[in-house]
Amino acid sequence: MNARYVTGSFLVILSLLFIAGCLQATPPATPAPTEVMTTTEVATPVPTTPLSLTPGPTEKLPDMWSLDVQVTGNGEAIDPQITTTIRGGKGLNFITMVDVRITRADGKVETGYIKRDRTYRVGDSITLPVTSQMGNVNRVEVYATTPQGNRVKIFDDYVPFRTYH
């Protein structure tokens with residue numbers, strides 16, 4: 001009876017091994033290599049605005065949001081700077097932002113904005129560095145943002161760091 005029990009157990013184990021796939025008569029076929037599609041990124045040129053030292057047209061704010069600014073150079077050759085100052089206007093309480101962009105002759109662009117504490121006040125200003133080259137070489141653009149979020153260019157002109165009268 002032991003021989004039959006051993007033989008039966010052997011057949012059960014052998015059939016389980018075949019069912020599990022451990023004793024295959026032929027080795028498994030290796031899968032054929034598949035081609036991997038590779039993509040190459042093509043850099044598309046981003047259109048850039050050419051650096052321009054030529055002042056362009058400005059816009060006028062509506063009368064109820066008018067803002068007067070003054071742009072002057074400090075006249076120091078060691079540390080040349082241009083200051084943009086708010087001089088007044090009906091829009092002091094309404095204009096949400098005044099930002100300044102200076103395009104220098106050496107190709108650098110300086111940007112900044114006049115900080116606002118609840119509203120703008122006469123005398124609020126920002127000072128940015130410029131080049132000390134003589135002549136009209138520093139282009140200054142001043143933008144005001146209206147309550148609707150429109151950005152309006154209110155000043156665009158050459159401002160030398162030093163003037164001789």
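Throughout, read-outs are computed from the coordinates displayed, never taken from laboratory work. This structure is a prediction, so every number in the text was calculated from the model and none was measured. Cβ coordinates were reconstructed from backbone atoms using ideal geometry, including for glycine residues, and neighbour counts include every protein chain displayed.
Sorted fewest first by neighbouring Cβ atoms within 10 angstrom, D68, D117 come out as D117, D68.
Across all directions, the average flat footprint of the convex hull enclosing the Cα atoms of region 63-158 is 6.0 nm².
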